[in-house]
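Asks: Sharing a structure below in structure tokens format, with a few things to ask.
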Amino acid sequence: MGLFKPSKNAVEADRELEIRQKTHDSAVSLSTAQNQNTIHKLPVEVIQQIASYLEPSNAAAFCLSTRFICYAVGTQQLHNFLSGPTSKIDRRKNIEVLERAFSSHWYCAWCDRFHRHDPAHGPRNLPSQSIRDCDECSSYLHAGTDYILTYKHARLALNRNLWGPDYGIPLEDFTFEKESTTKAFGSKVNVPTQFSVSAKIVSSRLLLHSAFTIVIPPSALQGKNFYAKLQKALPQIVYGHRNDRAGHSGLFASINHAIGNNSKYTVQLCSTCATDYLVRVHSPNTDTFQTVPEAILLSIQAWRDLGDCRSPFDACWRAHGELGEAKPGFGGDTVRLTDFEAGEIRSSWDLEVPLKIAATGRENHLGRPFWWDLSSNAQMR
Ligand SMILES: [Zn+2]
Ligand SMILES: [Zn+2]
């Protein structure tokens with residue numbers, strides 16, 4: 001199921017930055033307060049000497065830190081840094097040095113361009129925003145059109161967390177709650193539902209919690225195709241992943257078990273997409289849910305690890321998204337197969353402690369260089 005109706009004109013109409021054309025002009029307009037910084041009181045020759053000792057990544061970022069330093073050291077090291085890598089992965093990684101310098105735009109690896117971002121845009125109001133082809137191609141999670149979380153949102157949330165408020169969107173923009181009804185179990189049975197979603201960043205990884213509660217009338221349990229009907233009522237952001245259309249591994253077995261025992265099932269892990277989920281069944285006990293006699297209440301919570309959101313091609317992000325019209329099954333770039341233990345992602349969410357990711361060997365290239373707080377970048381945010 002695809003939610004987007006993208007237009008190529010939307011991509012072309014957006015004001016995008018051609019990286020190499022804008023690098024120099026943008027760099028010289030970044031800072032207005034460099035005279036107040038200690039480093040700017042140094043002779044130009046000393047600043048150039050400092051730059052000569054820096055690692056290539058730090059030297060490239062250093063020349064973009066202020067207008068004064070850009071004039072002092074030039075952009076040759078930046079040029080060398082950006083043109084050096086031969087692989088796409090390294091090139092995308094290196095280009096973050098520009099994204100970190102220019103807060104008005106974010107880098108889209110799918111388009112290999114910089115897009116302007118509006119700080120007010122979050123997953124809640126995507127249908128009212130201009131949609132690009134890359135919003136769908138870079139994968140997305142959703143609850144119909146009410147809530148569509150694209151890669152753009154995930155990256156901008158991490159950028160803000162890493163570099164400051166001007167660089168992205170706050171996590172509050174991810175929060176959403178809705179009470180509704182559904183006729184998933186037949187046109188004569190309109191049952192209440194509740195849905196909520198929220199996000200956290202723990203140790204530079206985006207975690208997402210979503211929850212869905214639905215009243216199950218006795219007639220639905222006794223009727224045909226109960227699980228197929230139930231699945232249609234569930235938001236993709238709660239139950240779905242990109243590997244197939246059946247949802248998290250073991251989810252419906254857990255639902256079956258919880259309904260059979262009229263209780264909760266233990267936390268389970270979908271290792272395909274790295275999602276913890278918990279199924280509970282209990283009696284309706286609120287005014288909202290007492291509208292269907294003798295019904296039971298089914299609630300499903302999911303805790304997702306969306307990774308560091310540095311690339312739309314990273315399986316940590318991509319494994320969670322809507323499959324749409326794509327072909328299901330193994331062999332693509334979407335299967336993740338984690339070695340997490342069930343409950344680990346939920347614990348990371350609840351306790352705000354890092355996941356045990358050391359064994360993955362992922363390089364942290366997001367740390368700030370030592371000069372970050374010395375330069376006027378702090379005033380640019
Ligand atoms: Zn794009
Ligand atoms: Zn899954």
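Asks: Is the shape of region 140-342 best called rounded, prolate or oblate, per the rule: a/c under 1.5 gives rounded, else a/b larger than b/c gives prolate, else oblate, with a ≥ b ≥ c the square roots of the Cα gyration tensor eigenvalues?
Replies: Prolate.
Asks: Between region 40-115 and region 178-245, how far is it from one alpha carbon centroid to the other, in angstrom?
Replies: For region 40-115 versus region 178-245, the Cα centre distance is 46 Å.
Asks: Give me Glu325, Glu352 sorted ascending by neighbouring Cβ count inside 10 Å, so fewest comes first.
Replies: So the ranking, lowest neighbour count to highest, is Glu325, Glu352.
Asks: List, in order, the whole-Hz ³J(HN,Hα) value for each residue of region 256-268 obtained from phi through the Karplus relation with A = 6.51, B = -1.76, C = 1.60 and θ = phi - 60°; use x for Gly and Pro.
Replies: So the J values, rounded to whole Hz, are 4, 5, 5, 5, x, 9, 6, 8, 9, 9, 5, 4, 10.
Asks: Going highest first, how would you order 297-308, 78-89, 260-271 by mean Cβ packing within 10 Å?
Replies: 297-308, 260-271, 78-89
Asks: Quick one: dipole size for region 140-342, taken about the Cα centre, charges +1 on Lys/Arg Cβ and -1 on Asp/Glu Cβ, in debye to the nearest 20.
Replies: 440 debye
Asks: Holding the Cα-Cα limit at 31 Å, pick out from Lys152/Lys183; Lys152/Lys178; Lys152/Lys188; Lys88/Lys232 the pairs that are longer than that.
Replies: In this structure, Lys152/Lys183; Lys152/Lys188; Lys88/Lys232 exceed 31 Å between Cα atoms.
Asks: Could you tally the net charge around Arg304, taking each other residue with its Cβ under 13 Å from the Cβ of Arg304, Lys/Arg +1 and Asp/Glu -1?
Replies: +3
Asks: Between Lys264 and Ser83, what is the label-to-label distance in nm when each label sits 7 Å out along the Cα-to-Cβ direction?
Replies: 5.9 nm
Taken together, the values in this text are just the output of simple stated rules run on the coordinates, not laboratory data. Predicted model, so just to flag it, every value in this text is computed and none were measured. In this analysis, Cβ positions are derived from the backbone assuming ideal geometry, glycine residues included, and neighbour counts consider all displayed protein chains.
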